[in-house]
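Beneath this line is the structure, given in structure tokens, with notes to follow.
The values are calculated or read from the model by the stated rules, or taken from the named source; none is laboratory data. Bear in mind the structure is a predicted one, so any value in this text is a computation, not a measurement. Counting neighbours? That spans all protein chains shown, and the Cβs are built from the backbone with ideal geometry, glycine included.
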Amino acid sequence: MKGVKVMYQQILEIKPINKLDLIYSVLNNEDIKRLSPEQATFILHPINRDCFLSACPGSGKTHSVGIKIAYEIQNWISKISGIAVLSFTKNAAEEIKNRANRFLGNLNVSHPHFVGTIDSWLHSYIFHPFGSVVTRYKGAEGDVSHKLIQDGNHGTWLKN
């Protein structure tokens with residue numbers, strides 16, 4: 001943990017213009033040059049350290065989180081672990097993901113990373129892959145995933 005503290009201290013000591021250059025070198029997007037020093041510090045904050053982002057409405061929190069995700073994905077090494085950004089609303093999750101995708105260029109936020117609502121993460125990463133073990137659902141043709149009931153796609157046992 002001492003190494004992380006030293007690394008964060010070094011990030012704080014970087015001059016604001018050099019922080020922007022560092023982020024720009026990874027993401028190469030002109031919007032990076034308009035970040036505030038506080039936004040740049042947030043984006044460069046070590047991902048394995050807790051961070052709390054608090055600001056007034058319209059101050060650029062969503063923008064900063066989108067850039068942070070894109071920055072971390074561009075620097076991501078592991079193929080078996082990823083970043084999960086969870087939101088309470090679908091609209092907020094979609095906006096964060098769209099912003100991250102804009103800064104990723106040819107890439108998109110995709111597996112092993114996830115941006116979405118808390119319930120969609122639980123369904124995708126917990127219930128969907130492991131639900132059949134608990135429910136003993138046999139599935140069909142090797143597919144043991146549970147299906148959600150969708151419009152017009154339900155059995156006669158479910159009446160309108």
Requested in this report: Of the conditions (1) in contact with an Asp or Glu (Cβ under 6 Å, 6 or more places away or on another chain); (2) touching a residue at least 40 places away in the same chain (Cβ under 8 Å), ILE67 clears all except one; give me its number.
Outcome: (1)
Query raised in the report: Hey, does segment 97-116 have a residue that's over 23 Å from ASN18 (Cβ atoms), hydrophobic (A, V, I, L, M, F, W, C) and modelled with pLDDT under 85?
Result: yes
Query raised in the report: Which one of these does VAL109 not meet: (1) crowded, with 16+ Cβ neighbours inside 10 Å; (2) outside any loop (DSSP other than H, G, I, E, B)?
Result: (2)
Requested in this report: Would you mind finding the one in ILE67, ILE73, ILE118, ILE96 that is in contact with a Phe, Trp or Tyr (Cβ under 7 Å, 6 or more places away or on another chain) and buried (at least 18 other Cβ atoms within 10 Å of the Cβ)?
Outcome: ILE67
